[in-house]
Amino acid sequence: MTLENSRYLEIINTGITRGQIRHALFDFDGTLSLIRQGWQEVMISMMVELLLQTPGHESEGELRAIVTEFVDLLTGKQTIYQMIHLAEEVEARGGEAQDPVAYKWRYLDRLWTKIRERVEGLKAGRLDRESLMVPGSVQMLESLQARGVTCYLASGTDEVYVLDEARALGLSGYFAGIYGALDDYQTFSKKMFIDRILKEHTIEGSQMVTLGDGYVEIEETKAVGGIAVGLASNEAERKVVDAWKRERLIAAGADIIVPDFGQAQQLTDYLLE
């Protein structure tokens, strides 16, 4: 099927064990929520501005290329990891770096100015929830729940925001647990949560599926023998495959690629039958 078809289901690995899934882990931003669509440009612009203030900086264009590369590379991990790398880049150019946590909150303040109207509009009922979700998100959650699958949400975004935005989208009730990043970043990771699900429920990897648009959750799921569905979601257009995401997710080990959840029932049937 063509990459322009928003209802396609691309099977990358035909060898997965199907029909045994009991637990499903969802990423949030870019997988279910589009509230933070455009966050990359906010982060990259801030970082370039800061690096331009260092004594040994390159041109603005060169810095933008450098920053874009490491922001993309670290997407899916907690935001703090991108800020740790920013601090290293500042020091490498003779600057005096701030604490990465300070950089993180500076970025979040900037991002809030971009998304504030979205969040407040959702809460006030001025904005349609569907317009700020990956198409078919609710249908996917309901389809899995109808088959007895327990769903969880784990995000690299700070937990306080994940909880608030999931409520604003009306998604909180679909999850047995919602987890996000903390300032003490070493106390939470997607790997830790995946390991926890397997241990607490005494299940094999084949009994768990992860659905996400970042390489981190895909790699960690495959490392324990789980099933990974990659969301190659085009967050701006909402209807086509993001070719860059698709390639990255396949490289990370995704078993299945979808552009959104417009094919929720078909995907559920494939996984569970």
Checklist outcome for this item: If every Lys and Arg gets +1 and every Asp and Glu gets -1 at its Cβ, then about the Cα centre segment 42-130 yields a dipole, in debye to the nearest 20, of 580
Checklist entry - For VAL240, which sequence-distant residues (separation of 5 or more, or a different chain) have an amide H within less than 5 Å of its own amide H, given hydrogens modelled in the peptide plane? => result ASN234
Checklist entry - Placing +1 at every Lys and Arg Cβ and -1 at every Asp and Glu Cβ, with all other atoms neutral, what dipole size does the chain have around its Cα centre, in debye to the nearest 20? => result 780
Next on the checklist: As an exercise, identify the trypsin sites (Lys or Arg not before Pro) in segment 119-167 lying in DSSP coil whose Cβ has no more than 16 other Cβ atoms within 10 Å.
Outcome noted: ARG126, ARG147
Checklist entry - Based on the Cβ-Cβ distance of GLN20 and GLU142, what FRET efficiency does E = 1/(1 + (r/R0)^6) give at R0 = 22 Å, to the nearest 0.05? => result 0.60
Next on the checklist: For the chain, take the longest principal axis of its alpha carbons; what is the angle in degrees between that and the long axis of helix 39-51, to the nearest 10 within 0 to 90?
Outcome noted: 20
Checklist entry - How many angstrom separate the Cα center of segment 215-273 from the Cα center of segment 24-96? => result 24
Item to check | Probe 1.4 Å - accessible area at HIS85, Å² to nearest ten | outcome: 50
Item to check | Residues of segment 65-142: accessible area per residue with a 1.4 Å probe, Å² | outcome: 50
Next on the checklist: At 0.692 mPa s and 37 °C, plugging the Kirkwood radius over alpha-carbon pairs of the chain into Stokes-Einstein gives what diffusion coefficient in µm²/s?
Outcome noted: 171
Checklist outcome for this item: Quick note, segment 187-237: a/c under 1.5 would make it rounded; otherwise a/b > b/c is prolate and the rest oblate (a ≥ b ≥ c, C-alpha gyration tensor); here it is prolate
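Pairs of alpha-carbon atoms within less than 8 angstrom and 6+ residues apart define the contacts here; what relative contact order does the chain have, in percent?
It comes to 31 percent, rounded to a whole number.
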Checklist entry - Over the Cα atoms of segment 1-83, what Rg and Dmax result, in angstrom? => result 18.6, 58
Checklist entry - Cα gyration tensor of segment 142-273, axes a ≥ b ≥ c as square roots of the eigenvalues: rounded (a/c below 1.5), prolate (a/b > b/c) or oblate? => result rounded
Next on the checklist: Can you give me the angle between helix 79-92 and the longest principal axis of the chain, using Cα atoms only, in degrees from 0 to 90, rounded to the nearest 10?
Outcome noted: 30
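Once Rh for segment 215-273 is found with the Kirkwood sum over Cα pairs, what is the Stokes-Einstein diffusion coefficient at 20 °C and 1.002 mPa s, in µm²/s?
D, rounded to a whole number, is 181 µm²/s.
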Next on the checklist: Averaging over every viewing direction, what projected area does the convex hull of the Cα atoms of segment 107-162 cover, in nm²?
Outcome noted: 5.0
Checklist entry - Assigning unit charges at the beta carbon (Lys, Arg +1; Asp, Glu -1) and nothing else, what dipole magnitude in debye, to the nearest 20, does segment 123-255 show about its Cα centre? => result 300
Checklist entry - Hey, quick one: spin label on SER172, modelled 7 Å out along Cα-Cβ, who in segment 113-146 has an amide N within reach, i.e. under 12 Å? => result none
Checklist entry - According to the square roots a ≥ b ≥ c of the eigenvalues of the Cα gyration tensor, what is the shape class of segment 88-191, taking rounded for a/c under 1.5, prolate for a/b larger than b/c otherwise, and oblate for the remainder? => result oblate
Item to check | Positive dipole terminus of the chain, leading residue within ALA264, THR54, LEU198 (C-beta point charges) | outcome: ALA264
Checklist entry - Whose amide H sits under 5 Å from the amide H of SER155, counting only residues 5 or more places off or on another chain, with H placed in the peptide plane? => result TYR179, GLY180, ALA181
Checklist entry - With axes computed from alpha carbons, what is the tilt in degrees of helix 100-124 against the longest principal axis of the chain, rounded to the nearest 10 within 0 to 90? => result 50
Checklist outcome for this item: Which residues qualify? For MET133, with a placed amide H closer than 5 Å and at least 5 residues away or on another chain, they are LEU34
Item to check | Percent accessible area from carbon and sulfur atoms, segment 102-223, protein chains only, probe 1.4 Å | outcome: 47
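The values are calculated or read from the model by the stated rules, or taken from the named source; none is laboratory data. Note that the structure is a prediction, hence the values are computed from the model and not measured. Neighbour counts run over all protein chains shown; Cβ positions are idealised from the backbone, glycine included. When the accessible area is computed, the model is the full protein with side chains, heavy atoms only, and any ligands, DNA or RNA have been set aside. Shrake-Rupley method; radii C 1.70, N 1.55, O 1.52, S 1.80 Å.
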